[in-house]
Amino acid sequence: MRFLEESSLGILAFPGSLNGNVPKGLNWYPYYSPLLAFEVLRLTAYPDDVIAELERRANLIRRHIIRMTRAAGSGHPGGSLSSADILSALFFKVMRHRPTDPNWEDRDRFVLSKGHAAPAYYAALAESGYFPVEELLTLRKLGSRLQGHPSKGKLPGVEMSTGSLGQGLSVANGMALAAKLDRKSYRIYCLCGDGEMQSGQIWEAAMLGAHYELDNLTAFLDRNKLQIDGPTEKVMSLEPLADKWRAFGWNVIEIDGHNMREILDACDKAKEVRNKPTMILAHTVKGKGVSFMENALSFHGKAPNDEEMRKALRELGEKI
Amino acid sequence: MKWSYASQRKEYGRALVELGKSRKDVVVLDADLSSSTRTADFAKEFPEHFFNCGIAEQNMMGVAAGLAASGKVVFASTFAVFATGRCWDQIRQSIAYPNLNVKICATHAGITVGGDGASHQTGEDVALMRTLPNFTVGVPADAIETYKMTKAFAEWRGPCYMRMGRVDFPNVTEWEDPFQIGKGSILREGEDVTLMGCGIMVSRCLEAAELLEKRNVSAKVVNMSAIKPLDEALVEDAVRSTGCIVTAEEHNVLSGLGSAVATFLVEHQPVPLRRVGLMDTFGESGEGEELMRKYGLTAERIVEAAEEVMRRR
């Protein structure tokens, strides 16, 4: 766990993952930025071994997701896999928290607004040490602390009951207000799905967050572009999402939600912003990491069968 | 009967200000109605602990939940119709399910709202709130009880709902009377019939008891401000001694006080019962008193109901 405390400027080099496709509209991207050198410095602020370890843990979360949903026979692997990298960054690097003292007053808070990504959340909590990893396989079973969607009070580390979409950001707002009121320095992190952007309450929350200048709030938007009935842009179009958040007064950072350096960098930038909450618009792939689940609508809310599980675990690097 | 009238909202506002003075963990939220709900009094004294959420009740309930999850005792106020129905799912998912310390204190309940009409009146709020697990529901009979209930809510762990009216209510209780969450009180002893009311209808029950006295009927009057948990012991005691009961509420008879009492009695001590209230109807514009008469929320209607249940006894 030593690497968690380490942070230093790395060597000046382009991380390999930046050499791929550059999504349109990402004009902050180092390639186009006038502050190129500065950006490169930032993106190499974390040593390679830290990044590698966080990526390894994201992969571990993904394997848990596959096993858990298989054991439960149901659940939401697609949107859990897409958020695994973000959760790995938050729980193993970004957030200040004490798994052995879950109610530590000064902990950073996390609200999983997209409650159906519970498998990823539980995996991150278990790997953090909140409860035994073996318990993950009780997901959705009678008597388990691992409810189908997170339930506050049942499981250590779960800050809020979620699952009815569109509500988590309001709760995060309330927590951020409380931190301000108590003059505490802890931060609030919230992970939203893109489908829930269709809920009016999200925009009510967007207004309040900006109005009360909640710069201690960082929200992630897991932009995997698929919801139950199909592509978000077909079901109920959301674009231009970044512009919407900017128009509502938020600091918006667009990233590749599977690039660990970009996730960490965005979190660091969010901490420096004053008088504005930050929305990190993370472009992700639904089902990320498992070839036959990637961008597959069917795996939004369906568990893999035994054969699919074995195939998925092999792809995720597990020797079976 | 000569009443002295007082405003529930004003006492609510006063209680909040006092709480603000004695407790640092109290936070008050409103949705652009703070001058009507009287949370403005608190806002003026403790601006740091007051957050106006704008006309966005769903978000307000989530914000309340987040604050409560961070150790605050949160009072969230707006009109009853918006405080409950408009954001029932948010209350269910973000407050009741995680069992958070949020006190939803709603004003302008019932039809005595008057001129604004059915869009701003509510006959469903008690029904909606009492069906939520973990919730405590109280309907204070007058301004005095409103003050006491507000103070008691601050001490109570868990989500609570309190229903207030817009108009001034007759004072039916005394400042010296004890108050406890989950406990009703006997305002008048009697042997022939129990008249059990909540909110403004408690005063109507007292009027009805006087009318009945002229007909040589002795009516027991119970103020049942404890809707949930229902003061079952008091209900049981009252009907054991009188053998029949009339409930009265400024709320739809479906799923309000009358329903709660009826359900309990059928399972434990069946006696003849009649419910006086809104008979599954929306209200309309008009003066509060006119509406009360038109929709049968009167002492006379309670008397009729009492005579009927006594005949069936």
Requested in this report: Counting only residues that are surrounded by 20 or more Cβ atoms within 10 Å (Cβ to Cβ), give me the helices (runs of 4 or more DSSP H) lying completely in the stretch B:14-75 with at least 3 of them.
Outcome: B:39-45, B:57-69
**Report entry** Residue check, A:S170 of a type in the set (S, T, N, Q), more than 19 Å from A:E213 (Cα to Cα), facing chain B (nearest Cβ under 10 Å) and open to solvent by less than 10 Å² (accessible area, probe 1.4 Å)
**Finding:** no
Query raised in the report: Looking at the stretch A:188-196, is at least one residue open to solvent by 10 Å² or more (accessible area, probe 1.4 Å), modelled with pLDDT of 95 or more and over 19 Å from B:N101 (Cα atoms)?
Result: yes
Report task. Working only within the stretch B:248-289, note down all residues that are of a type in the set (S, T, Y) and more than 20 Å from B:Q121 (Cβ to Cβ). Result -> B:T263
Report task. Check A:S237 against each of (1) modelled with pLDDT of 95 or more; (2) within 17 Å of the chain's Cα centre (by Cα) and name the one condition it does not meet. Result -> (2)
Query raised in the report: Of the residues that sit in the stretch A:286-308 and are among the aliphatic types (A, V, I, L, M) and surrounded by 19 or more Cβ atoms within 10 Å (Cβ to Cβ), which one is nearest to A:K225 (Cα to Cα)?
Result: A:M293
Report task. Mind counting the residues in the stretch B:1-13 that are crowded, with 21+ Cβ neighbours inside 10 Å and free of Cβ contacts under 8 Å to residues at least 24 places away in the same chain? Result -> 0
Query - Members of the stretch A:131-152 that are within 14 Å of another protein chain (Cβ to nearest Cβ) and open to solvent by less than 60 Å² (accessible area, probe 1.4 Å) - result: A:Q147, A:G148, A:P150, A:S151, A:K152
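Which one of A:G230, A:G249 is out of contact with any strand residue (DSSP E or B) (no Cβ under 6 Å at 6 or more places or on another chain) and open to solvent by 10 Å² or more (accessible area, probe 1.4 Å)?
On the way: A:G230 fails: open to solvent by 10 Å² or more (accessible area, probe 1.4 Å).
Exactly one of A:G230, A:G249 is out of contact with any strand residue (DSSP E or B) (no Cβ under 6 Å at 6 or more places or on another chain) and open to solvent by 10 Å² or more (accessible area, probe 1.4 Å), namely A:G249.
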**Report entry** Answer from B:R86, B:R157 - the residue that is more than 10 Å from chain A (Cβ to nearest Cβ), open to solvent by 20 Å² or more (accessible area, probe 1.4 Å) and part of a loop (DSSP other than H, G, I, E, B)
**Finding:** B:R157
Query - A:L217 being free of Cβ contacts under 8 Å to residues at least 40 places away in the same chain, in contact with a helix residue (DSSP H, G or I) (Cβ under 9 Å, 6 or more places away or on another chain) and crowded, with 19+ Cβ neighbours inside 10 Å - result: no
Report task. Evaluate the following for A:V158: is it crowded, with 24+ Cβ neighbours inside 10 Å and facing chain B (nearest Cβ under 8 Å)? Result -> no
Query raised in the report: Here is a list of conditions, (1) farther than 27 Å from B:W175 by Cβ; (2) within 14 Å of chain A (Cβ to nearest Cβ), and B:G20 meets all of them except one; can you say which number that is?
Result: (1)
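The values are calculated or read from the model by the stated rules, or taken from the named source; none is laboratory data. Remember, it's a predicted structure, so these values are computed and weren't measured experimentally. We place every Cβ from the backbone using ideal geometry, glycine too, and count neighbours over all the protein chains shown. Please note that ligands, DNA and RNA were not included when accessible areas were found on the heavy atoms of the full protein model with its side chains. Shrake-Rupley method; radii C 1.70, N 1.55, O 1.52, S 1.80 Å.
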